[in-house]
Amino acid sequence: MKGRLAVGLALAALATVHLAALCAGFLAPYAPLEQTRALPYAPPTRLHFVDAEGRFHLRPFVYAIADPSGAGEAYQEDRRQPYPLRFLVPAVDATGAATTGKRLLGVDEPARVFLLGTDGLGRDQLSRLLHGARISLLAGLLATVLSLGLGWLLGTLAGFYGHGLDAVLMRSAELFLALPWLYLLFAVRAALPLHIAPAQAFLLLVLVIGLVDWARPARLVRGVVLSARERSYVLAARGFGASDFHLIRRHIAPQTLGLLLTQAALLVPQYILAEVTLSFLGLGVSEPVPSWGNMLAALQRYHVLTSYWWMWVPGLALVPVFLAYYALAEALRRRAGPAAL
Amino acid sequence: MRVRLAVAGVLLCPLASAQGPSPDLLQSDHDVGRPGGRLVFALRSEPKTLNPVAAVDSASRDVIGRMTSDLIHIDRQTQRTTPALARSWTISPDGRRYTIELRRGLSFSDGHPLDADDVVFTFRCYLDERNGSPQRDLLVVGGKPVVVRKLDAYRLELEMEQPYAAAERLFDSLAILPRHLLEAAEREGRLAQAWGLGTPSPEIAGLGPFRLKEYRPADRLVLERNPHYWKVDRAGGRLPYLDEIVFLLVPTEDAQVIRFKAGETDLVSRIGAENFNVLSREAAPGRYRLEDLGPGLEYSFLLFNLNETGGGGEAVSARPAWLKQTLFRQAVSVALDRPGMVRLVYQGRATALGTHVPPGNKLWVNGALGPPPRSLTRARELLSRAGFSWGPEGKLRDAGGTPVELTIITSAANAPRVQMATIIQEDLRPLGVTVQVVPLENRAVLDRVLRSHDYDAALMALASGDVDPTSEMNLWLSSGATHLWHLGQSQPATAWEKEIDELMRRQLVTLDSRERKRCYDRVQELVAENLPLIPLVSPDVLVGAREGLGNFRPAILDHNVLWNADELFWGAPAPRR
């Protein structure tokens, strides 16, 4: 019962996070690349309910902020004019032209609503977090599909046919396990041409993570397949003249399903972290397109690390995502039994 | 008159006094300090060598600068020349011959006396092509190396092919070498390899305030007081005051700031505005003091690739033709938000530039050239005039209808430059120009700019070592080795480059300083108009020192905080470490 609640919570949390990323265009108050150059490193905007005269407002409002020193160090609210939050406002693109879409919330100029503050170029952290989630979460999912797909295929082939094929595949799997993949990625990125659009960089990232890491799932799948193909019903089906393809599809693949799901729940957060690590090191998706990794890269600088806590938000966002995935993995593992480790 | 004969006193070293005539020491007029103590300074990279002839990297030069002295020195604060090892000099009426009189009775840090032979030997070392010295170019005037003749033990004559306006300044940082230690190496042609970091300290000697004590690889290099140094203070006490200078290896700026804050180092130099703000915000009273010296000599710029052909072959021919259109570069220039860069990247501690000479160079900046105000209307107008048009989604297209995409390379390790590139990317978006920012390793950037020419535009920065334009001859002459935007020209490719060549050559040989200024003003105008590089901003020089360091007088010239290491002292109480 307790386990079921945890799984429910985990699933709900994951659904929320992924839905938020999917609807980033609607939820984000600003375009992720929009720079408010007067407000670098602005702290999260305070939402007010009580105005200067002590009156209570049901609709929250904000004040415009400004930094008289110009150095982005001492922002002050201008309390003369409150700006109520507006909902379902028409969206504008980066150039200021109106588009067809709507945004969940906004506020009249010159006030700004930066619920999670801004970065060094005055870009809204919340908007970047939401848009960045698309890239980071999608990278995790796609890389998992790729590495599990490849791992499953090669693992099944190795386990089912055995002998020479098994030996070749498993030795190369060991080779891949032994590869220092971080350095491999450095080398791959260095070998690429200058002109590499963020979308290409993203696909490349997914491709490299997925292709390098097929070995572990392949070994696990092979183990399951090895034991499955000796089961009596499999032998019986073979005796009745079933083809290899039929055997794998009907009798063997279903055996590996539990393992695959568990592995997926374990690998997705691992690959999200891989994307974050690589982008943090400048090898992944590059500025100005946001991802959680390249947003965190600003923390490499000492003054950002020590002065602006809201720059840590992408790192904090990773925690619930990871917890949810691991809770899910744990529940799946219990259902699938010990083989799914 | 700052130069006075010092009275020979009890402080003179035994060797010098044994030689008879009292040494001709220079008396400096700073505050009298207390001897003793050590100063810890962090270097960002490990010095490569202790050889003044071969040193190119800044860490090596930081250390060597404390161990050696020159004939005529540029005072870092007044930016004018002052006597150093040369007590006086005269110039012939045609401006081609210098007669230099050395101070008498001086010795190297190992006690060996200095005479005119050492100076002649020094010039031979710098001029010998086998040694590959970076200073050699400066000593070749009018195509011929300067000729140095010994007149007697303490007098020398220097002859140049043509009059040379900045000749006095050229002696600065030209370290006088000990003939008795290096002659054998020079004769065998292995001078460039001499005085590596592994050389035992007795085999290295100089005329600077400090001498080598010990070197521990990847950790520290310690210099100790040179008892034979040639300056005294007003009270007649022999300089320097400090017993030791310790150079620690601290590879990043952030780590340097942290160690300074923790009290492990005594000075920080050239830190970023953000770290400067962190330090000033968290300063406990009486721990350290910080100084913003205003704009220095560094300037950042957006460089365009105007190379015709070169090492890159195909890569170069594939460059879009519009890079060469002056109107395009002008449009980019007026579209840039320079004040935004100053505010966002440097927290206001920088100056927007309209010319490549930063305002820190007060003597030479062309004051009529301010930074162009940002105007997208003007930018669009320039682009239309250059034959560009806009596609349906507002994308800029060149005359042939191809979308305009610009790649800017910059050094990944330099956060301010990457930020500026990101700002430029955003600035050019409303014009319909798609900009890719590609942060690369610094060496890769230099390699692309100087050798393969495989880039569209690069965001870089330069800092001249001296205020005089002569120090940038190699950059502005079309045949120069660092004529960044178009290398390896046999003839000036454009009319304006030809004019710059003529102006730069003229200012080199003109002795009238006002005429020289006029020439260089015109060079600045030509650059601002044709924009082979778009000047962006000049960051302030930001430094700090532990409280209690006497005579701390930072300057915008190199080395910002250690230039007067001979005068620095610890007032009471000396820090305990």
Could you say which residue among B:522, B:505 is modelled with pLDDT of 95 or more, over 17 Å from residue B:372 (Cα atoms) and not assigned by TED's automatic domain parsing to the domain that holds residue B:91?
-> B:522
Would you confirm whether any residue within the range B:347-369 is of a type outside the set (Gly, Ala, Ser) and in a helix (DSSP H, G or I)?
-> no
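Residue-wise test of (1) in contact with a Pro (Cβ under 7 Å, 6 or more places away or on another chain); (2) of a type in the set (Phe, Trp, Tyr); (3) crowded, with 18+ Cβ neighbours inside 10 Å; (4) outside the structural domain of residue B:60 (by TED's automatic domain parsing).
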residue	(1), (2), (3), (4)
B:148	no, no, yes, no
B:152	no, no, no, no
B:164	no, yes, yes, no
B:168	no, no, yes, no
Restricting attention to the range B:247-268, does a residue exist that is surrounded by 21 or more Cβ atoms within 10 Å (Cβ to Cβ), in contact with a Pro (Cβ under 8 Å, 6 or more places away or on another chain) and in the same structural domain as residue B:26 (by TED's automatic domain parsing)?
-> yes
Residue that is nearest to residue B:344 (Cα to Cα), among those in the range A:67-88 that are away from chain B (no Cβ under 13 Å) and of a type in the set (A, V, I, L, M) = A:85
From the list B:62, B:70, B:94, which one is part of a loop (DSSP other than H, G, I, E, B) and closer than 19 Å to residue B:205 by Cα?
-> B:70
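Please go through the range B:266-300 and give me each residue that is small (Gly, Ala, Ser) and more than 10 Å from chain A (Cβ to nearest Cβ), ordered by number.
Of everything in the range B:266-300, those that are small (Gly, Ala, Ser) and more than 10 Å from chain A (Cβ to nearest Cβ) turn out to be B:269, B:283, B:284, B:286, B:294, B:296, B:300.
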Output the residues belonging to the range A:310-331 that are more than 14 Å from chain B (Cβ to nearest Cβ) and closer than 19 Å to residue B:345 by Cα.
-> A:310
Check whether at least one residue in the range A:13-21 is modelled with pLDDT under 90, in contact with a Phe, Trp or Tyr (Cβ under 9 Å, 6 or more places away or on another chain) and under 30 Å from residue A:330 (Cβ atoms), and report yes or no.
-> no
The range B:179-191: number of residues that are in a helix (DSSP H, G or I) and acidic (Asp, Glu) | 2
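I'd like the full set of residues that are of a type in the set (Gly, Ala, Ser), out of contact with any Lys or Arg (no Cβ under 6 Å at 6 or more places or on another chain) and not in a helix (DSSP H, G or I), limited to the range B:373-410.
The answer is B:375, B:386, B:387, B:394, B:399, B:400, B:401.
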Given the structure, is residue B:558 farther than 30 Å from residue B:306 by Cα, outside the structural domain of residue B:418 (by TED's automatic domain parsing) and either of a type in the set (Ser, Thr, Tyr) or out of contact with any strand residue (DSSP E or B) (no Cβ under 7 Å at 6 or more places or on another chain) (or both)?
-> yes
Cβ pairs under 8 Å, 6+ apart or interchain, first in the range B:29-47 and outside any loop (DSSP other than H, G, I, E, B), second of a type in the set (Lys, Arg), ordered by first then second residue, are B:38/B:577; B:40/B:577; B:42/B:259
Which of (1) surrounded by 16 or more Cβ atoms within 10 Å (Cβ to Cβ); (2) more than 9 Å from every other protein chain (Cβ to nearest Cβ); (3) not in a helix (DSSP H, G or I) does residue B:332 not meet, given it meets every other one?
-> (3)
In contact (Cβ under 8 Å) with a residue 40 or more places away in the chain and farther than 30 Å from residue B:501 by Cα: does that describe residue B:109?
-> yes
Answer residue from the range B:411-457, given it is part of a strand (DSSP E or B) and within 11 Å of another protein chain (Cβ to nearest Cβ) and is surrounded by the fewest Cβ atoms within 10 Å (Cβ to Cβ) among those = B:434
Test: residue in the range B:489-509 that is over 30 Å from residue B:336 (Cα atoms) and surrounded by 19 or more Cβ atoms within 10 Å (Cβ to Cβ) = yes
What's the number of the condition residue B:164 fails, among (1) under 24 Å from residue B:218 (Cα atoms); (2) in contact (Cβ under 8 Å) with a residue 60 or more places away in the chain?
-> (1)
Only one of these is surrounded by fewer than 18 Cβ atoms within 10 Å (Cβ to Cβ), of a type in the set (Lys, Arg) and either in contact (Cβ under 8 Å) with a residue 24 or more places away in the chain or within 14 Å of another protein chain (Cβ to nearest Cβ) (or both): B:338, B:378. Name it.
-> B:378
Is the range B:456-472 home to any residue that is over 21 Å from the mean Cα position of the chain (by Cα) and either of a type in the set (A, V, I, L, M) or modelled with pLDDT of 90 or more (or both)?
-> yes
Condition check for residue A:115: at pLDDT 85 or above, surrounded by 11 or more Cβ atoms within 10 Å (Cβ to Cβ) and closer than 30 Å to residue B:432 by Cα = no
So which pairs qualify, if the first residue must be in the range A:167-187 and farther than 17 Å from residue A:153 by Cβ, the second must be assigned to a loop (DSSP other than H, G, I, E, B) and of a type outside the set (D, E, K, R), the Cβ gap must be under 7 Å, and the two must be at least 6 apart or on different chains?
-> A:185/A:283; A:186/A:283
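Name the single residue that is surrounded by the most Cβ atoms within 10 Å (Cβ to Cβ) among those in the range A:15-55 being within 14 Å of another protein chain (Cβ to nearest Cβ) and among the polar types (S, T, N, Q). Can you show your working first?
So the first thing to find is which residues in the range A:15-55 are within 14 Å of another protein chain (Cβ to nearest Cβ), and the list is A:30-42.
Still in the list and also among the polar types (S, T, N, Q): A:35-36.
Values: A:35: 26, A:36: 16.
Among those that are within 14 Å of another protein chain (Cβ to nearest Cβ) and among the polar types (S, T, N, Q), it is A:35.
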Among A:298, A:264, the single one that is farther than 30 Å from residue B:434 by Cα and surrounded by 16 or more Cβ atoms within 10 Å (Cβ to Cβ) is A:264
Matching entry among B:283, B:273 (being surrounded by fewer than 20 Cβ atoms within 10 Å (Cβ to Cβ), of a type in the set (A, V, I, L, M, F, W, C) and not assigned by TED's automatic domain parsing to the domain that holds residue B:421) | B:283
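The values are calculated or read from the model by the stated rules, or taken from the named source; none is laboratory data. What you are looking at is a predicted structure, and each value in this text was computed from that prediction instead of being measured. Methodologically, a virtual Cβ is constructed for each residue, glycine included, from the backbone with ideal geometry; neighbour enumeration extends over all protein chains shown.
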